[in-house]
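The structure appears below as structure tokens.
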Amino acid sequence: MSICTYARSVTLTLPLAFTACAGQPGSDSEPDSVGSSTADTLDSTTTGEPTGTSEPTGTGEPACVEDDLMPMPFAGPGYDPANGGLQEPLQDKYVASTTFLVLRGEKAEEFLQTVGAMIPVLMANQGLVGFSTATSAKCGTARTLTVWRDQMAMMNFVSSDEHVAGMTRAQEFSTTGTVTSWEVTRAELPLTWETAMAKATAATPSY
């Protein structure tokens, strides 16, 4: 899969995944008809906390098992799985970042539009190694995993108009969110989602 094809596939797949989040934890809308059993797993306050395990974890992350997590393949300007993985110039160390959001279902469409505007900016950043997104319809969650050549490249994207537009609306789009970054070695790439999820769980929620 080419990088351009991958970027398009992210843009096309995210709407399908996040549409499925409507009526799930983090949504103010009613659960749909796909299962009365779904209603049994949702808290009546629709805060993103499933019943039976409604107490949040120590980090504030809702206690919902994302066993339906749907990740996109990790790829980008610096990582092409069809051409040997990491691309030149190779480095000893890189910077990784991951985000975690519990979405408000009624805001999914606006969220998608905001994310869609970020993708071209992200892919145009030559300091980007690669990225992946993952969603859970069951838990109404959205995750990102990015790897950068250095901190400056990451901050160039973070400070872009498109990303700032999303950050300023984070609490409008989601009930809670966590972002964290750390240094990784070449041998650790590509990172697994288990690693990213563990890092997010260990981090202090942003709100």
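The values are calculated or read from the model by the stated rules, or taken from the named source; none is laboratory data. These numbers were taken from a predicted model, which means no experiment stands behind them. Don't worry about glycine lacking a Cβ; one is built from the backbone with ideal geometry, like all the others, and counts go over all protein chains shown.
Filtering the range 86-98 for residues that are surrounded by fewer than 23 Cβ atoms within 10 Å (Cβ to Cβ), in contact (Cβ under 8 Å) with a residue 12 or more places away in the chain, within 22 Å of THR168 (Cβ to Cβ) and of a type in the set (D, E, K, R) leaves an empty set.
Table: residues versus (1) more than 16 Å from the chain's Cα centre (by Cα); (2) among the polar types (S, T, N, Q); (3) buried (at least 20 other Cβ atoms within 10 Å of the Cβ); (4) on the phi > 0 side of the Ramachandran plot.
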{"site": "PHE131", "(1), (2), (3), (4)": "no, no, yes, no"}
{"site": "ALA134", "(1), (2), (3), (4)": "no, no, yes, no"}
{"site": "VAL158", "(1), (2), (3), (4)": "no, no, no, no"}
{"site": "THR168", "(1), (2), (3), (4)": "yes, yes, no, no"}
{"site": "THR178", "(1), (2), (3), (4)": "no, yes, yes, no"}
{"site": "GLU183", "(1), (2), (3), (4)": "yes, no, no, no"}
{"site": "ALA187", "(1), (2), (3), (4)": "yes, no, no, no"}
{"site": "GLU194", "(1), (2), (3), (4)": "no, no, no, no"}
{"site": "MET197", "(1), (2), (3), (4)": "no, no, no, no"}
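Contact annotation: residue pairs with Cβ atoms under 8 Å, 6 or more positions apart or on different chains, pairing a residue in the range 112-128 that is in contact (Cβ under 8 Å) with a residue 24 or more places away in the chain and part of a helix (DSSP H, G or I) with a partner that is surrounded by fewer than 18 Cβ atoms within 10 Å (Cβ to Cβ) and of a type in the set (S, T, N, Q), are GLY116/THR11; MET118/SER160; ILE119/THR11; VAL121/SER160.
Does the range 146-153 contain at least one residue that is within 24 Å of ALA198 (Cα to Cα) and surrounded by fewer than 18 Cβ atoms within 10 Å (Cβ to Cβ)? The answer is yes, given that some residue of the range 146-153 is within 24 Å of ALA198 (Cα to Cα) and surrounded by fewer than 18 Cβ atoms within 10 Å (Cβ to Cβ).
Restricting to the range 75-102, count the residues that are in contact with a strand residue (DSSP E or B) (Cβ under 7 Å, 6 or more places away or on another chain) and either among the polar types (S, T, N, Q) or farther than 18 Å from THR180 by Cα (or both).
Our first condition is that a residue be in contact with a strand residue (DSSP E or B) (Cβ under 7 Å, 6 or more places away or on another chain); within the range 75-102, this holds for 75-79, 81, 85-87, 92-102.
Among the residues that remain, those that are also either among the polar types (S, T, N, Q) or farther than 18 Å from THR180 by Cα (or both) are: 75-79, 81, 85-87, 92, 97-99.
Qualifying residue count, the range 75-102: 13.
Which one is modelled with the lowest pLDDT among residues in the range 68-99 that are over 17 Å from THR144 (Cβ atoms) and among the polar types (S, T, N, Q)? Let's see the steps before the verdict.
Keep residues of the range 68-99 that are over 17 Å from THR144 (Cβ atoms), which gives 68, 80-93.
Those still in the list that are among the polar types (S, T, N, Q) too: 83, 87, 91.
Values: ASN83: 93, GLN87: 96, GLN91: 97.
Only one residue fits best here, namely ASN83.
Here GLU188 passes the criteria (1) at pLDDT below 95; (2) more than 23 Å from ARG104 (Cα to Cα) except the one numbered (1).
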